[in-house]
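The values are calculated or read from the model by the stated rules, or taken from the named source; none is laboratory data. Here the structure is a predicted model, which is why all the values come from computation and not from measurement. Don't worry about glycine lacking a Cβ; one is built from the backbone with ideal geometry, like all the others, and counts go over all protein chains shown.
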Amino acid sequence: MITILEVNETNKMIEQEKLDVRTITLGISLLDCCDPDLDTLNRNIYDKITRLAKDLVSTGREIELDYGIPIVNKRISVTPIALVGGRACRSPEDFVEVAQTLDRAARDTGVNFLGGYSAIVSKGMTPADETLIRSIPAALASTERVCSSVNVGSTKTGINMDAVKLMGEVVRETAEATKEHNSLGCAKLVVLCNAPDDNPFMAGAFHGVSEADAVINVGVSGPGVIKHALEGIRGENFEVLCETVKRTAFKVTRAGQLVAQEASERLGIPFGIVDLSLAPTPSVGDSVAGILEEMGLESAGAPGTTAALALLNDQVKKGGIMASSFVGGLSGAFIPVSEDQGMIDAVNRGALTLEKLEAMTCVCSVGLDMIAIPGDTPASTISGIIADEAAIGMINQKTTAVRLIPVIGKDVGDTVEFGGLLGHAPVQQVNRFGCADFINRGGRIPAPIHSFKN
Amino acid sequence: MSKTIITVVGKDAVGIIAKVCTYLADNRVNVEDISQTIVQDYFNMMMIVDTSRSSKPYADMVTELDELGDGIGVKIRCQREDIFTKMHRI
């Protein structure tokens, strides 16, 4: 029988250490909505999303009440729209109409974000892919809840450098198109390498073609819980440190697994995966940087940061795998700058640079995330940063991503407020040396060799 | 149906258990186990209850117990047992 100590431990995690389930994401296939007529396509998409997701938000609230654990976000991911809209959409404007349909469906079902305004172009772009990509700035400027992602490379295919070049331009255009709101559009746009089909986290969530018609994926959280557990073992050796992270990650993930199974059962939609992620928020005590500092670093970004993050990421997976029957998505520790107060502080005190963040992405779950850069950063430089991240993902067989926000009208030293879970960020220095001739070459970087791994 | 765990945490006062138990009895909720400690005037109680014979919707019970706690000056939480067993038992 459960004891009062165990009950108190769980409730303390929830009340004081900010344990929550970060998201229940309903993945919906829109492949059966395809139609050559744009109006019919829009109607099919709206009807299918609102039919399948009509009880998503209310069911999430019921589960919150039953178990007393907050479920912060309820979200939807859909089939990459470049595939769904390919027949009906002949211009970027046509795709923007689809984005607006998605936005309306998201608003009417009560979810805060809907992901899947996406194209998977890791080897090449179809005309539909390219048209969708060119529509992204207008789509993100004219919608509120739609998130967009483009996969530009993979370990199996190499990197599509034409797409990398185009995405540098699209990121800049999106910043321009949303400059009235601190270039917020770029916070809803991510460029990926090795993007997973079942990621529940925004902005990179989409419902891959390998998935069933509808599926429930859950993303967990809990940096505050891990940090608190580490406060009790200061000065102990790495064996104790790793074991503590692993045990705590197990408990955090079990809560996510329970919520995933309940949501699946109540909605009558199959359970997909739990994403074993440590997802920080801007609130104090909910920081991944805070964990790294608790391990013994003076500041996130100090020498030792990459090693600390590597062990954190690995132990979270080791604990989480045992706690869940199906694990997927991004799974690991997120290191977004604007969404993590500890990371913001580290940047402000000069301890954490873009280059160190890049090194950290070799061992974390995703990549360069929610980083504000000067508004006059050239498109080719953004493409260069995307290419670097994609290369790390391609060679290391992991997901990497870039979500940079070139904030129009701002420069190094300024701070930008994005609001809510997106937080605020200091504008960071970008290397000023150019790479335009490299980016302008065009074509593809071939897939890497899978042996001789040094 | 799984069991429900009710926890009451707050400053000790006369009649806390009586008030909670009266509410539960009025709503046909059966108390199966109680454990309780007081540390430095701080009241800490856990009850394992069975709500299967109660006609009260679960969400209403959560809200009403929360309000009852506010009236006494303690925090009352009502949660299904699974959140604890899943986390602490393999």
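Applying the condition of being out of contact with any Gly (no Cβ under 7 Å at 6 or more places or on another chain) and part of a loop (DSSP other than H, G, I, E, B) to segment B:3-25 and asking which residue is farthest from B:GLY71 (Cα to Cα) yields B:LYS3. Residues that are of a type outside the set (A, V, I, L, M, F, W, C), in a loop (DSSP other than H, G, I, E, B) and closer than 18 Å to A:ALA425 by Cα within segment A:349-370 comprise A:ARG349, A:GLY350, A:THR353, A:GLY367, listed in sequence order.
In this structure, is A:ARG145 closer than 30 Å to A:LYS18 by Cβ and either surrounded by fewer than 24 Cβ atoms within 10 Å (Cβ to Cβ) or assigned by TED's automatic domain parsing to the domain that holds A:ALA390 (or both)?
Numbers: closer than 30 Å to A:LYS18 by Cβ: yes; either surrounded by fewer than 24 Cβ atoms within 10 Å (Cβ to Cβ) or assigned by TED's automatic domain parsing to the domain that holds A:ALA390 (or both): yes.
The answer is yes for A:ARG145.
Given the condition within 13 Å of chain B (Cβ to nearest Cβ) and more than 20 Å from the chain's Cα centre (by Cα), answer yes or no: does some residue in segment A:221-228 qualify? Steps first, answer last, please.
Filtering segment A:221-228 down to residues within 13 Å of chain B (Cβ to nearest Cβ) leaves A:222, A:225.
Applying the additional criterion that residues be more than 20 Å from the chain's Cα centre (by Cα) yields A:225.
Scanning segment A:221-228 turns up at least one residue that is within 13 Å of chain B (Cβ to nearest Cβ) and more than 20 Å from the chain's Cα centre (by Cα).
Restricting A:ALA279, A:ALA260 to those that are within 14 Å of another protein chain (Cβ to nearest Cβ), surrounded by 23 or more Cβ atoms within 10 Å (Cβ to Cβ) and not aromatic (Phe, Trp, Tyr) reduces the list to A:ALA260. Among the residues of segment A:81-103, the one identified as surrounded by fewer than 18 Cβ atoms within 10 Å (Cβ to Cβ) and closer than 14 Å to A:VAL146 by Cα is A:GLN100.
Listed here are the residues, each with its yes/no results for (1) in contact with a helix residue (DSSP H, G or I) (Cβ under 9 Å, 6 or more places away or on another chain); (2) over 30 Å from A:ASN151 (Cβ atoms); (3) of a type outside the set (Lys, Arg); (4) free of Cβ contacts under 8 Å to residues at least 60 places away in the same chain.
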site: A:ASN194; (1), (2), (3), (4): yes, no, yes, no
site: A:HIS207; (1), (2), (3), (4): no, no, yes, no
site: A:PRO223; (1), (2), (3), (4): yes, no, yes, no
site: A:LYS227; (1), (2), (3), (4): yes, yes, no, no
site: A:ALA255; (1), (2), (3), (4): yes, yes, yes, no
site: A:LEU276; (1), (2), (3), (4): yes, no, yes, yes
site: A:MET295; (1), (2), (3), (4): yes, yes, yes, no
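Given A:VAL78, A:VAL57, which one is more than 14 Å from chain B (Cβ to nearest Cβ) and surrounded by 22 or more Cβ atoms within 10 Å (Cβ to Cβ)?
Details: A:VAL57 fails: surrounded by 22 or more Cβ atoms within 10 Å (Cβ to Cβ).
So the residue among A:VAL78, A:VAL57 that is more than 14 Å from chain B (Cβ to nearest Cβ) and surrounded by 22 or more Cβ atoms within 10 Å (Cβ to Cβ) is A:VAL78.
Looking at segment B:31-90, which of its residues are acidic (Asp, Glu), surrounded by 13 or more Cβ atoms within 10 Å (Cβ to Cβ) and over 30 Å from A:LYS246 (Cβ atoms)? Steps first, answer last, please.
Residues of segment B:31-90 acidic (Asp, Glu): B:32-33, B:41, B:50, B:60, B:64, B:66-67, B:70, B:81-82.
Narrowing further to those that are surrounded by 13 or more Cβ atoms within 10 Å (Cβ to Cβ): B:50, B:64, B:66, B:81-82.
If the condition is that a residue be acidic (Asp, Glu), surrounded by 13 or more Cβ atoms within 10 Å (Cβ to Cβ) and over 30 Å from A:LYS246 (Cβ atoms), then B:ASP50, B:GLU64, B:ASP66 are the ones that fit.
When you check A:GLU97 against the structure, is it part of a helix (DSSP H, G or I) and within 14 Å of another protein chain (Cβ to nearest Cβ), yes or no? The answer is no for A:GLU97. When the residues of segment A:263-276 are filtered to those that are surrounded by 23 or more Cβ atoms within 10 Å (Cβ to Cβ) and more than 14 Å from every other protein chain (Cβ to nearest Cβ), the one that is farthest from A:ILE226 (Cα to Cα) is A:GLY272. The set of residues in segment A:230-249 being surrounded by fewer than 22 Cβ atoms within 10 Å (Cβ to Cβ) and either among the polar types (S, T, N, Q) or within 14 Å of chain B (Cβ to nearest Cβ) (or both) consists of A:ASN237, A:THR244, A:LYS246, A:ARG247.
Would you please name the residue that is surrounded by the fewest Cβ atoms within 10 Å (Cβ to Cβ), looking only at residues in segment A:314-358 that are of a type in the set (Asp, Glu) and touching a helix residue (DSSP H, G or I) at 6+ places or on another chain (Cβ under 7 Å)?
To start, the set of residues in segment A:314-358 that are of a type in the set (Asp, Glu) comprises A:314, A:339-340, A:345, A:355, A:358.
Add one more test, that the residue is touching a helix residue (DSSP H, G or I) at 6+ places or on another chain (Cβ under 7 Å), and what stays is A:339-340, A:358.
On the way: A:GLU339: 27, A:ASP340: 28, A:GLU358: 17.
Per the criteria, the residue is A:GLU358.
For segment A:1-18, the candidate set comprises residues that are surrounded by 13 or more Cβ atoms within 10 Å (Cβ to Cβ) and β-branched (Val, Ile, Thr); within that set, the residue that is farthest from the other protein chains (Cβ to nearest Cβ) is A:ILE14. Could you please give the count of residues in segment A:389-442 that are among the aromatic types (Phe, Trp, Tyr), buried (at least 21 other Cβ atoms within 10 Å of the Cβ) and out of contact with any strand residue (DSSP E or B) (no Cβ under 7 Å at 6 or more places or on another chain)? Total meeting the criteria: 0.
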